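One structure is given below, encoded as structure tokens.
Every number in this text was worked out from the coordinates using simple rules, so none of it is lab data. This is a predicted model, so every value here is computed, not measured. Here the Cβ positions follow ideal geometry from the backbone for every residue, glycine too, while neighbour counts run over all protein chains shown.
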Amino acid sequence: MWEKALRKLKDGEMPPPGLPRPDASATELLAQWIEAPLDKEAADHPRPGTAPIHRLNRAEYANVIRDLLGVGIDAVSMLPADDTAYGFDDIASALGVSAPLLERYMAAASRIASQIGEMAAKGEAARVFVCYPATAADEMPCARSVFALLARRAYRRTVTNTDLDPLLALYRQGRGEGGFNEGILRGVEAILISPEFLFRIERTPAGVPAGSAYRIGDFELASRLSFFLWSTMPDDRLLDLAEKGQLSEDSVLQREIARMLADPRSNELLRNFSGQWLYLRNLLHDPPDPGDFPRFNDALGNAFLSETELFLESILRENRSVVDLLGADYTFLNEPLARYYGIPGVEGTGFRRVTLTNPARGGLLGQGSVLTVTSYANRTSVTKRGQWILDNILGSPPPPPPPNVPSLRSTAADGHALKTLRQQMEAHRADPVCASCHLRMDSLGFVLERYDAAGAWRDTDSGAPIDAKVTLPDGTSLEGLAGLRAWLLAHPDRFVRTLTEKMLTYALGRGLEYYDEPSVRAIDKQAAAEGNQLPALLTAIVKSTPFLMRTAPEKGNFR
Amino acid sequence: MNTRATVASPGILTGKHLDRRTFLRGAGACLALPLLDAMVPVRATAAAVHSPVRLGFFYFPNGLIMEQYTPAAEGAAFEFTRILKPIEPFRENLLVLSGFAQANGRALGDGAGDHARAGATFLTGVHPRKTQGADMRAGVSADQIAAKELRKFTQLPSLELGLDSTDVAGACDGDYSCMYANTVSWRSATAPLPVETDPRAAFERMFGYGESTDPAVRLAALARRRSLLDFVREDAKRLASGLGAEDQYKLGEYLEAVRDIEQRIQKAEQNGAKLPMLERPAGIPPDYQEYARLMMDLQVVAFQTDLTRVVTFMLGREGSTRRYPFIDDAHHPLSHHGNDPAKIEKVVRIDVLLMQQLAWLLEKLKATKDGDGSLLDHSILVCGSGLSDGNLHLHENLPIVLAGGAGRMRGGRHVRYRREMPLNNLLLTVLDRVGVPVEPFGDTTGEVTELG
């Protein structure tokens, strides 16, 4: 309850509009007064929380197959899309298992094993076949070393004979039926459907009572790190450090985070996180209608995505502040995209960095990708864009409508008919509860009305000039993207907090709870002290209580 | 290219029917699928053929424009409205049923999220828990109650198929897990079943992923799969001990999946692993109509070969934002038409298009001979939506059509039940009529009469 009140106070939502409002310094003091004991309690008695078992999602599966076996696969054709919760598809609780899904995994494993078989015949499967037996007597020791290496990587931990013996039993079966290679492939196929491979399981150490918080082990940390920063399994170096028990040492951890962020695999974090945070994944799924937007085509859609991906990469690689995501004065364009934006002097199909002089572009909110995924296929929606900004930039999603209020009514309270959408909307907004949300959503959306549903600049809508001037519920006046940007940059802490919450959700693979709020504040403080650079923020997330620790769950009574 | 498929009737097994052809359309290609005798269930040997009953569940997302759907007249003299028109040729096999509600789809204090609740209640009648976390809960669904009973006869307990990809960011309803809207099938109160939308994957679920058609090779592959499952079962059991309750639950789900597949393998082995030489569909056809028909053809083949007796098909996930050919707005935003006549007209055109899909399925079922009649004669399909008015998110007076069943229902009528009659009463009655022993579930209060 205190966390809720604190948040509303900081967002300026308390006290409600109309009531006398304390000045900013008084609010700040009050916030500190509420915050300090909450943070102290969190420091003294950490509550890291618990996510259930994670199943590898489709993107992770493809990356792991690449890293484990040296095989490229088309995961989209092999596996179904994963269900999402809290806006992401790496949420443990939403990643279920069923017979149809397990059959898909079996089919995938069988195909991947055949693929490796074909590669092995051509001597190209060195990642799996680390040895080839010269004599019959060499076969068993070679098989053992193949599986020792594979299982360690696939299960992301030290392996023992308990792990290897069943694999070798399968090997012998396959060996008997089709020779050495067949035996190895049988084991590979088994590993790929094993629960130890498909699931990331965190086990409470002996002696830790249920309900208490403890620091996770080094192997678990290695997996958390690699799946967060790389969307794939830990590499040998992480596993080695974990085996030696060094990974959790602060200096080692710091160094490894830096190494991982510098590695190209960290592009997977940008792609998977932002694809969902910014809804970029929807761009090619539900593109603008070609009838209404003849200038939009797949090539332009891909250019939109390239622009945003290169932009995000530049923030990470150049150690920039995450606030630049909104305020940067540069972007990445090729000639077709530059023409589309009306920016002269960019030639050729290659993308390059372009410094922007026109305030109509700059930052994520001026990019075609974002402007398009926040629109319907045939028109813009001020509600959709406004809600997107509230959800994903400001982190204050409009509360759901109160119970038992239908979204729109066709009759007014006095019984007379409300025919038009406008009448219904007005009746809807006349209710003060509805009004506060719609005003917030729609006004933020109106600011971006100068961009059409495919992200192109326009001066008119259906012939009428566009008014992109709005007054927010708190009295602030804004005009156009430049006005919105200036307003957001004047209070960057809300954006940073939102980004932190989204990233922490993605990093932990679970929804955040009220007891995570002190950690969110601690992460933001840490990142702010270093200038809010993206690498600093990611580092602070890794070093946070919920990432490094775990609350031991109540034990089940299975068998 | 041939846009009309014909499904040959397997009839009684005589070994003289190798020339039959059924057509499955892949992406752009027309594949000829020889329907081998091995596909025809062994049961069809006696002179007095007793065909099993198949159960279909057919879901329309986002409600319908009820004013242009509901017939004014009741009884046998009812008229086929504009939206019902496409299924008029099957008049004698249809019951149009008005008045049913899924009252537990309403907010009941939970606020926004009517689409999630419409999907979650449609076949369960249970108010779903509002959560995105691991504590997701609704109730077991009617199709899965049937699957639990009828699975003993067939390789697959059930098939869950649909046309909407779930790969869309930021698209779920309120604070509900996406699963509530993505599926109407719940194996248990806590285990929603995913809906397969890829025709190739659906095909492989039905007929296996092995490439070979040689029974000996197929049998060997089954044995191999069995040994792989033995391996992972031991793994999962070993892992489960000492874990938290929630984690054990998840491993339990995994083990249940393993057992399911093992049973399936066993049945396939008993069948000699003889499967038809069918080409796999290449993928999702870009054309909506072709895609829908391909997925429905697969259902017909599943019924025809008695691979399963329960199929649930979702034309779209609840809250679907699909854009249909010739309609430039997405379905869900359009369904909030705000009484704008132009928008209503567009929704009606979508509704008609969706009803045409049902007509296609009925036509295929009717054209497929099964024992002493057609597949349609030996099926009951519960068709409808978890919302009536999609604009206002109403959970009462749902559009429901019962199709099929000579002898199990008397078609050709429009029946209006009292307001707020639980849809679960109909579901319970249907299960009872097809011989599934069933306890009251969800909000059932009893059976319905008037089905004839």
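Normalised by 2.2 N^0.38 Å, with N the number of residues, the alpha-carbon radius of gyration of chain B equals 0.96.
For peptide B:193-203, what's the mean number of Cβ atoms from other chains within 10 Å of each residue's Cβ?
Numbers: counts 5, 10, 2, 4, 2, 7, 0, 1, 8, 1, 0.
Average per residue, whole number: 4.
Computed over region A:78-223, the range of Cα coordinates on each principal axis works out to 55, 37, 24 Å, biggest value leading. Every helix of 4 or more DSSP H residues in the protein assembly as shown counts as -39500 (n - 2.57), and over all residues that averages to -13500 deg cm²/dmol at 222 nm. Between the residues B:H378, B:P89, A:T500, the greatest Cα displacement towards the positive end of the dipole of the protein assembly as shown, with unit charges on the Cβ of Lys, Arg, Asp and Glu, is found for B:H378.
Using unit Cβ charges (K, R positive; D, E negative) and no other charged atoms, how large, in debye to the nearest 20, is the dipole of the protein assembly as shown about its Cα centre? Before the final figure, lay out each step's value.
On the way: 114 positive and 126 negative charges, 324 e Å.
Magnitude of the dipole: close to 1560 debye.
When the charge dipole of the protein assembly as shown is built from unit charges on Cβ atoms (+1 for Lys and Arg, -1 for Asp and Glu) and taken about the Cα centre, the candidate among A:L192, A:Y86, A:V252 whose Cα reaches farthest toward its positive end is A:L192.
Students often check this: by mean Cβ neighbours within 10 Å, which of B:358-364, A:300-306 ranks highest, and how do the rest follow?
B:358-364, A:300-306
Residues A:D467, A:D163, ranked from the fewest to the most other C-beta atoms within 10 Å, line up as A:D467, A:D163. Here the simple spin-label model places points 7 Å from the Cα toward Cβ, and for A:T162 and A:E28 these points are separated by 5.7 nm. Annotation: peptides B:282-294, A:118-130, ranked by per-residue average of other Cβ atoms within 10 Å with the highest first, follow the order B:282-294, A:118-130.
For region B:105-158, the calculated P(r) over all alpha carbon pairs, in 10 Å bins from 0 to the bin holding the longest distance, is 24, 41, 23, 11, 1 percent. Dividing the Cα radius of gyration by the Kirkwood radius, what Rg/Rh value follows for region B:400-452? Answer for region B:400-452: 0.94.
Partner shielding of A:102-113 amounts to 4, given as the average count of beta-carbon atoms from other chains within 10 Å of each residue beta-carbon. Taking a straight Cα-Cα cut-off under 13 Å and skipping sequence neighbours fewer than 8 places away in the same chain, the aspartates and glutamates within cross-link reach of A:K555 are A:E202, B:E246, B:D247.
When Rg and the Kirkwood Rh are both derived from Cα coordinates, the Rg/Rh ratio for the protein assembly as shown amounts to 0.96.
First check a/c for chain A, with a ≥ b ≥ c the square roots of the eigenvalues of its C-alpha gyration tensor; if it is under 1.5, answer rounded, and if not, answer prolate when a/b is larger than b/c or oblate otherwise. If you can, show how the numbers build up before the last one.
Working: a/c = 2.03, a/b = 1.58, b/c = 1.28.
Because a/c hits 1.5 or more and a/b exceeds b/c, chain A counts as prolate.
Computed about its Cα centre, the charge dipole of chain A is approximately 320 debye, with only Lys, Arg, Asp and Glu carrying charge at their Cβ.
Packing, taken as the mean count of other beta carbons within 10 Å per residue, orders the peptides A:477-483, A:224-230, A:346-352 from highest to lowest as A:224-230, A:477-483, A:346-352.
Normalised by the number of residues in region B:164-242, the average gap of Cα pairs under 8 Å and 6 or more apart makes the relative contact order 14 percent. Taking every residue in B:208-215 and counting other chain Cβ atoms within 10 Å of its Cβ, the average works out to 2. In the protein assembly as shown, what % of DSSP beta bridges are antiparallel (nearest 5)? Antiparallel: roughly 65 percent of the beta bridges in the protein assembly as shown.
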